[in-house]
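Novice: I'd like to ask some things about the structure below.
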C-alpha cells in the first residue's frame, strides 16, 4: 500500500516539472512582454526598461529564465507580478484558495446529489423517476458552462437574491466574523451550484449504469436466493462493488471541474485562478501565467492522487499491485 | 437518430447562411438598437410583421397597431456571397422595406439582427468542430498507432507527452497556447489558430486509446501475415491496424465535436478568439455578460440556445452510434 502511494507521489514531480517547462516555453514564444507597452511610453527611458528587464531576467533566453524561476520556486517564492506590483506568491495563494473553495463545494454538491440520484434511478429502473433522471442527465450534459453561468447571472441580476460577481461584499472589512462568513457563503453559493450542475449529470449517469451492471451479477441473484432483504442486497452487496468504477472517474471529473471553474470564474467574476490567468494573460505578465498554470495543474494532480487513494482504500486489488 | 437529422438541418442552414439570413452580419440598423424580437402574425393569407416605434429615450419599442407589412419569400436585400464565391442578393424571406424589419430574434447593442449573426456565426462555430476533430483525430490515430506498434522508447516518450498535455486543465493550456500567437490577426488566421490550438490538445486522449487498441491488435495473425508479405511498418499501421479501430473512433469523434465547438465559444467569448465584427456564437454571447443588457434584452442569449441544441444533437447522435457499434448487446 505504502509503496503504491509513494510511487504515485514520486510520479507527480516530473509531471509538474514538465508542465512548468512547457508553459515557460510557450510563454517565451509569445510575442512581446509586459515591457513592450511600457517602452512606448515616452516618459519611461529605454535605460529604465532595460534595467527592469534585466531585473526580471527577461533579457535572457527562456531556459535561463526558467532556471531562475525554478530556483526561486524551490525557495517558496513565485516571483514578482509585474502587472500587480506585488509578490506573486501572496496573489496566487489567495486566488488558489478561492478556486479550491469553489471547486470543492461544487464537488460536494455534485457528488452529494448525483450518487443518491443515480442509485435511486438504478433501483427503480424504467420507472418515471428513472426516465426523468435520464432526461435531466441528457439535458445537463449538453448545457454548456457558458450558457449556464450566463443564466445564473441573469437570475442573480433579476431576482436580487444573490450578489452579482465578486467573492465578498463592499463592506466586508467592517463586518463581524459571523456576518463575514455568511457574506462569503452568499457569494460562493451560486457559482458553486452552476459548476456542480455541469458535473452532476455525467456522474449520475455513470452511477446508474454501474449499479445496473452489478445488479445483473450472479452473486446478487445468489444473495436474493438466500432470502436477503432487497435493501441489504442493494446497499451491502451491489453498491460496494459498483462504487469502484465510479471512483475512477473522480479524477476525470476533477479535470472537468477545474476547466469549468475557469469559465464560471470569468463570467461570474469570482476571483480565482482562472480569472487571474486571464488578467495576467491580457497584461502579458508571463511569469504569473506560468504560476497559474502550474498551480492549476498541481491542484488537478493532487486531486488525482486523492482519487487513487480512495480507489486503493475501496479496492484491495489495487493496493496489492 | 433524431440527432443526425437535426445536425443535417443545422449544417445545411450554415452552408446557405447568407441566403437564409434576412440581413448581412455587419448591417447596422442605427434606429433600432436592442429591438425586441418581431413575431409575424397571420393576417388573411399573409404573414405580416408590425412596425415598431421606439418609446421616448430608452430602448423600449411598441408595435404600432394596424400598421404592418406582409413577409415575402425570395426578396432582394443585402449583398452576400454564397459559398464564398457567388454574389447574390436574394434572401429566403423579408419585407423588402427598411421601415418594416423582420428581426425574429431581435437586434443587439449595435442594431444588428441577432438571427442573421447567429446564422453567419454557425458557419464558424459548426465548421471548427468538424475540422478540428478531423485534424486532431487523424493525428492522434497516427501517433497512437505508431506508439503502440513500435512500443519501446518511442512509446514511452509519446505516452509521457500525452500525460503531460492531459494533466494540464484544458482551458489553462488553451490560454497558454493562445499567448504564443500575435495580436491583430485576420479573421481567417484566427480561425486557423483556434483549430490548431484545439487540435494540439485533442490528439493526446485519442492517441492513448488507439495505442491501447494497437497493442492488442498487433499480436493478431493478420498483422503477422501482412508483415510476412513484406509490407512496410507504415502500411501495416495505416492499412491493417487503424481500420480496426474505426468503429470506436467514429463514436468518440461524434461525442468530442461539442468540446471543439465549446472551445471556440469560450475563446471568442473571452475576447481572444473570433473578433468583431465577424460573428461567432462565442463573441455574440460576450454582450450577454453585461447584466444590464441581460436583464432587459434576454434575446441576446439566443446563441447559447443554439449551442445547446447543437451539443444535444451531437450527444444524441453519438449515443445512437455507440449503441449501433456495440455488438455485445
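Values in this text are rule-based calculations from the coordinates and carry no lab data. Not measured: the values here are computed from a predicted model. No Cβ is skipped: glycine too gets one built from the backbone with ideal geometry, and neighbour counts run over all protein chains shown.
Novice: Residues of B:288-295, mean number of Cβ from any other protein chain within 10 Å of their own Cβ, rounded to a whole number?
Specialist: Taking all residues of B:288-295 together, the mean is 5.
Novice: Using alpha carbon coordinates only, what is the Rg to Rh ratio of the protein assembly as shown, with Rh defined as the Kirkwood radius?
Specialist: Here Rg/Rh amounts to 0.99.
Novice: Could you line up A:33, A:285, B:319, A:291 from fewest to most neighbouring Cβ atoms inside 10 Å?
Specialist: With the fewest neighbours first, A:33, A:285, B:319, A:291 line up as B:319, A:33, A:285, A:291.
Novice: Which one of A:82, A:268, A:175 has the biggest mean-square fluctuation once chain A is modelled by GNM with Cα springs under 10 Å?
Specialist: Ranking A:82, A:268, A:175 by mean-square fluctuation puts A:175 first.
Novice: Now for a separate question. For a Förster distance of 41 Å, can you work out the FRET efficiency between the beta-carbons of residue B:160 and residue B:15, rounded to the nearest 0.05?
Specialist: 0.45
Novice: Next question. Could you please rank B:130, B:13, placing first whichever residue has the fewest other Cβ atoms within 10 Å of its Cβ?
Specialist: The order, fewest Cβ neighbours first, is B:130, B:13.
Novice: Taking Rh as the Kirkwood radius computed over C-alpha pairs, what is the Stokes-Einstein D of the range A:173-289 at 4 °C in a medium of viscosity 1.567 mPa s, expressed in µm² per second?
Specialist: The diffusion coefficient I find is 72 µm²/s.
Novice: Still on this structure: So for the pair residue B:247, residue A:283, with labels modelled 7 Å out along Cα→Cβ, what separation do we get in nm?
Specialist: 5.5
Novice: Could you give the length gained on full extension between residue B:99 and residue B:196, defined as 0.36 nm per residue of separation minus the Cα-Cα distance, in nm?
Specialist: Contour length minus the Cα-Cα distance gives 30.5 nm.
Novice: So for chain A, Kirkwood radius off the Cα pairs, Stokes-Einstein at 4 °C and 1.567 mPa s: how many µm² s⁻¹?
Specialist: After rounding, the answer is 57 µm²/s.
Novice: What is the spin-label model distance, in nm, from residue B:31 to residue B:326 if the labels are put 7 Å beyond Cα along the C-beta direction?
Specialist: 5.8
Novice: Another one. Evaluate peptide A:19-31: per residue, the Cβ atoms of other protein chains within 10 Å of its Cβ; return the mean as an integer.
Specialist: Average neighbour count from other chains, rounded to a whole number: 4.
Novice: Determine, for A:239, B:2, the number of other Cβ atoms within 10 Å of each Cβ, and report the residues in order from fewest to most.
Specialist: So the residues, fewest neighbours to most, are B:2, A:239.
Novice: Using a basic spin-label model with each label point 7 Å from the Cα along Cα→Cβ, how many nm lie between residue B:290 and residue B:5?
Specialist: 4.1
Novice: Related question: By what distance, in whole Å, do the Cα atoms of the range B:1-94 stretch along each of the three principal axes, largest value first?
Specialist: 45, 29, 25 Å, listed from the longest principal axis down.
Novice: If you don't mind, another one. Report the FRET efficiency, 1/(1 + (r/R0)^6), for residue B:219 and residue A:313, where r is their Cβ-Cβ distance and R0 is 35 Å, rounded to 0.05.
Specialist: Calculated transfer efficiency: 0.50.
Novice: While we're on this one: What FRET efficiency comes out for the pair residue B:86/residue B:48, r = Cβ-Cβ distance, R0 = 41 Å, nearest 0.05?
Specialist: 0.85
Novice: What angle do you read, to the nearest 10 degrees and between 0 and 90, between the alpha-carbon axis of helix B:170-179 and the longest principal axis of chain B?
Specialist: Taking the Cα atoms of chain B, the angle to B:170-179 is about 80 degrees.
Novice: Which residue fluctuates the most in chain A, going by a Gaussian network model with Cα springs under 10 Å, if the choices are A:149, A:286, A:127?
Specialist: A:127
Novice: State the Cα centre-to-centre distance between the range B:284-306 and the range B:210-267 in whole Å.
Specialist: With the range B:284-306 and the range B:210-267 each reduced to a Cα centre, they are spaced 42 Å.
Novice: For the range A:1-156, what percent of Cα pairs sit more than 27 Å apart?
Specialist: 56
Novice: Within the range A:226-270, list the residues whose amide N lies under 17 Å from a label point set 7 Å along Cα→Cβ of residue A:84.
Specialist: A:262, A:265-266, A:269-270
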